[in-house]
Amino acid sequence: MKYYYLALSAILVISLGGCKKFLDETPTAHLSTSSYYNTSADAVAAVTDAYRLMKDGAYGGYSPSSFGDIMADDANKGGGGASDQELITQLKLFTAKADNGYVYNAWRDNFRGIYLANLVLQQVPGITMDANLKTQVLGEAYFLRGYYYLQLVRLFGRVPIITTPLTNGDYNIKQSSEDQVWAQIESDANTAIKDLPTQSNQAVTDRGRATSGAAQSLLLETYMWEKKFTQAQALGDAIITSGQYNLAPDVTQIWTLAGEFGPESIFEVNCDDIPGKNVGNLLDLFDAPRNTWGYGFVVPSVSLVTEFEKGDPRLNATAIYNNELLPDGTIANTTTSETGYWNRKYWLPVNEIPTNVGGGSGDGPTNDRVYGLAIDMLWTAEAAFQNGDVAHATTLVNQIRDRARKSGGNTDMTILPDYSAVTLAQIYHEMRVETALGEHRRFYELVRTGRGNTLPNFKVGVNEHVPIPLTEIQLSNGVLTQNPGY
């Protein structure tokens, strides 16, 4: 399923864009909440629109890659030099202040997503419609609200918990503690788990909508942050043994268009390349090599490249080298990259670049992979290790390494040897090389595991979070308070 969306108006803008098989591709006009929620089609369209804020907005909206990749040690900013998107440089150097535009966009867009999810949860119960479809729509809304709160609590820590749609001017809501926000995410995820279909029971045309597995993965990540390792291991094992997912045979193919919705995919942000609709993934443009069609941001760091073990096929699926022969027959030129590498995860062959096939800069086709079996296995391994079950942790990590060893046409079975008894550092290593530059969570994983102080200029007790946007504090008349150190 491929989504495309329309923007919010002051009241509400709903898009009927969604699956090309069962939703009208023509967006509706601006409709008020009082006149809109009447039919099952309205309910589906409303929850479809609530997915919109999951897309990486690059330089124009919430930018998960700027926080998760660049603010960590996996990527340098790149682009056209120090002055190009200098606000991201502030994030990288941990000098961003409360008026940083990227910080504001992160707050704004995730609360917009929560608003849209809350509208669904408020309005859809009153619609006369198929009961099973209603349950699914509401389950998706619970998942989305939990997902947006995950973004907010990881970035800002204390944020207001809002569970009903607010009208303009309702700014005076106090922040809740981080523990309270995590509890809210748990609640939303648990509700979504019981209300959403499994992947095997989801229609092919619904791919891209949340399933119970997506909600389980959200809950698993939440447990890891809360250090509820017993619950995390049990839940992770349930996902792994559910029969819903299997590791893809070749990890290097996951980030190709052919690799979308593969056997280990649990949840992907669905981006389409409908020419001229500007509804695709901006990261294809934002991260593509600067000497091709892209802007050359989010370039692999030297630190990341050297993290990979010798011969690891995942390296060539993550970073592009100078003079490398790429799959489309072109020769890579990385001389204008500030690190000497380009980002492979969002690289497109010539015949898939939107501007070469009648599209525009905003029509990037690459889905963002949010949850997959591999990261769930690695979180489960970490939880098992923390629970003293080193043997189970070792088995899980070795399965990931074995898949990597057999990927990318590699024939040298001596690379990536199995661990006899995995260490926590080895689990963290595997997390880094398996998910780098694609899942945008490296910074958060460093903070979650108490390793943020390995980053240059990182101040413990301050830089675990970014500042609360100044405009939001002002609008609240001081009800919102600033994070420590800002």
Exercise. Could you list, in sequence order, the residues of segment 55-71 that are closer than 20 Å to Ser361 by Cβ and open to solvent by less than 10 Å² (accessible area, probe 1.4 Å)?
Worked result: Asp56, Ala58, Gly61, Tyr62, Ser63, Ser65, Ser66
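Please state which one of Val397, Val462 is buried (at least 21 other Cβ atoms within 10 Å of the Cβ), aliphatic (A, V, I, L, M) and out of contact with any strand residue (DSSP E or B) (no Cβ under 9 Å at 6 or more places or on another chain).
Working: Val462 fails: buried (at least 21 other Cβ atoms within 10 Å of the Cβ).
Among Val397, Val462, only Val397 is buried (at least 21 other Cβ atoms within 10 Å of the Cβ), aliphatic (A, V, I, L, M) and out of contact with any strand residue (DSSP E or B) (no Cβ under 9 Å at 6 or more places or on another chain).
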For this session: Considering (1) outside any loop (DSSP other than H, G, I, E, B); (2) surrounded by 15 or more Cβ atoms within 10 Å (Cβ to Cβ); (3) more than 21 Å from the chain's Cα centre (by Cα); (4) not acidic (Asp, Glu), say which one Arg154 fails and leave the rest.
Result: (3)
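Restricted to segment 250-298, and to residues that are β-branched (Val, Ile, Thr) and part of a loop (DSSP other than H, G, I, E, B), which residue is farthest from Thr211 (Cα to Cα)? Walk me through how you get there before you give the answer.
Quick first cut of segment 250-298, residues β-branched (Val, Ile, Thr) only: 251-252, 254, 256, 266, 269, 274, 279, 292, 298.
Applying the additional criterion that residues be part of a loop (DSSP other than H, G, I, E, B) yields 254, 256, 274, 279, 292.
Numbers: Ile254: 20, Thr256: 23, Ile274: 25, Val279: 23, Thr292: 37 Å.
Here the answer is Thr292.
Taking into account only those residues within segment 77-97 that are touching a helix residue (DSSP H, G or I) at 6+ places or on another chain (Cβ under 7 Å) and not aliphatic (A, V, I, L, M), which is nearest to Gly362 (Cα to Cα)? Talk me through it step by step, then tell me what you get.
Filtering segment 77-97 for residues touching a helix residue (DSSP H, G or I) at 6+ places or on another chain (Cβ under 7 Å) gives 77, 82, 85, 87-88, 91-92, 96.
Still in the running and not aliphatic (A, V, I, L, M): 77, 85, 92.
Working: Lys77: 20, Gln85: 18, Lys92: 25 Å.
The selected residue is Gln85.
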Problem set entry | Residue pairs meeting the criteria (Cβ under 8 Å; at least 6 apart or on separate chains; first closer than 11 Å to Phe229 by Cβ and at pLDDT 95 or above, in segment 381-397; second surrounded by fewer than 24 Cβ atoms within 10 Å (Cβ to Cβ) and among the basic types (Lys, Arg)) | Gln386/Lys227
Problem set entry | Lone qualifier among Thr89, Thr48, Thr39 - being of a type in the set (Val, Ile, Thr) and open to solvent by less than 30 Å² (accessible area, probe 1.4 Å) | Thr48
Exercise. Looking at this structure, is Thr164 within 20 Å of Val44 (Cα to Cα) and either part of a loop (DSSP other than H, G, I, E, B) or not β-branched (Val, Ile, Thr) (or both)?
Worked result: yes
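Residue-by-condition table, conditions (1) aliphatic (A, V, I, L, M); (2) assigned to a helix (DSSP H, G or I); (3) under 21 Å from Thr471 (Cβ atoms):
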| site | (1), (2), (3) |
| --- | --- |
| Ala46 | yes, yes, no |
| Tyr59 | no, yes, yes |
| Ser66 | no, yes, yes |
| Ala72 | yes, no, no |
| Lys77 | no, no, no |
| Ile88 | yes, yes, yes |
| Asp99 | no, no, yes |
| Asn105 | no, yes, yes |
Problem set entry | Residue match in segment 125-147 (condition: assigned to a loop (DSSP other than H, G, I, E, B), over 17 Å from Trp225 (Cβ atoms) and open to solvent by less than 10 Å² (accessible area, probe 1.4 Å)) | yes
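For residues in segment 72-86 being over 17 Å from Met431 (Cα atoms) and either open to solvent by less than 10 Å² (accessible area, probe 1.4 Å) or among the aliphatic types (A, V, I, L, M) (or both), which is modelled with the highest pLDDT? Break it down into steps so the answer makes sense when it comes.
Pass one, segment 72-86, residues over 17 Å from Met431 (Cα atoms): 76-86.
From what is left, the residues that are either open to solvent by less than 10 Å² (accessible area, probe 1.4 Å) or among the aliphatic types (A, V, I, L, M) (or both) are 78, 82.
Working: Gly78: 96, Ala82: 86.
Across segment 72-86, the extreme among qualifying residues is Gly78.
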Exercise. Which of (1) without any contact (Cβ under 8 Å) to a residue 40 or more places away in the chain; (2) open to solvent by less than 20 Å² (accessible area, probe 1.4 Å) is the odd one out, the single condition Ala210 does not satisfy?
Worked result: (1)
Exercise. In this structure, is Asn351 part of a loop (DSSP other than H, G, I, E, B) and either over 30 Å from Ser212 (Cβ atoms) or open to solvent by 50 Å² or more (accessible area, probe 1.4 Å) (or both)?
Worked result: no
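Limited to segment 379-393, what total is found for residues that are among the polar types (S, T, N, Q) and either in a helix (DSSP H, G or I) or open to solvent by less than 60 Å² (accessible area, probe 1.4 Å) (or both)? Full working, then the answer.
First pass over segment 379-393, keeping only residues among the polar types (S, T, N, Q): 380, 386-387.
Then drop every residue that is not either in a helix (DSSP H, G or I) or open to solvent by less than 60 Å² (accessible area, probe 1.4 Å) (or both), which leaves 380, 386.
Going through segment 379-393 one residue at a time, the tally reaches 2.
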Exercise. So which of Leu470, Leu480 ends up being buried (at least 18 other Cβ atoms within 10 Å of the Cβ) and of a type in the set (A, V, I, L, M, F, W, C)?
Worked result: Leu480
For this session: Taking the options Val460, Val479, Val466, name whichever one is free of Cβ contacts under 8 Å to residues at least 24 places away in the same chain, assigned to a loop (DSSP other than H, G, I, E, B), aliphatic (A, V, I, L, M) and farther than 23 Å from Glu309 by Cβ.
Result: Val460
Exercise. Among the candidates Leu416, Leu348, which residue alone is under 20 Å from Ala75 (Cβ atoms), touching a residue at least 12 places away in the same chain (Cβ under 8 Å), in contact with an Asp or Glu (Cβ under 9 Å, 6 or more places away or on another chain) and of a type in the set (A, V, I, L, M)?
Worked result: Leu348
For this session: Answer yes if at least one residue in segment 180-187 is among the aromatic types (Phe, Trp, Tyr) and open to solvent by 20 Å² or more (accessible area, probe 1.4 Å), and no otherwise.
Result: no
Seminar exercise, completed: Going through (1) in a loop (DSSP other than H, G, I, E, B); (2) at pLDDT below 95; (3) within 19 Å of Val153 (Cβ to Cβ) one by one, Leu53 fails only at (1)
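The values are calculated or read from the model by the stated rules, or taken from the named source; none is laboratory data. Note that this is a predicted model, so its numbers are computed, not measured. We place every Cβ from the backbone using ideal geometry, glycine too, and count neighbours over all the protein chains shown. These accessible areas exclude ligands, DNA and RNA; they are computed on the full protein's heavy atoms, side chains included. Shrake-Rupley method; radii C 1.70, N 1.55, O 1.52, S 1.80 Å.
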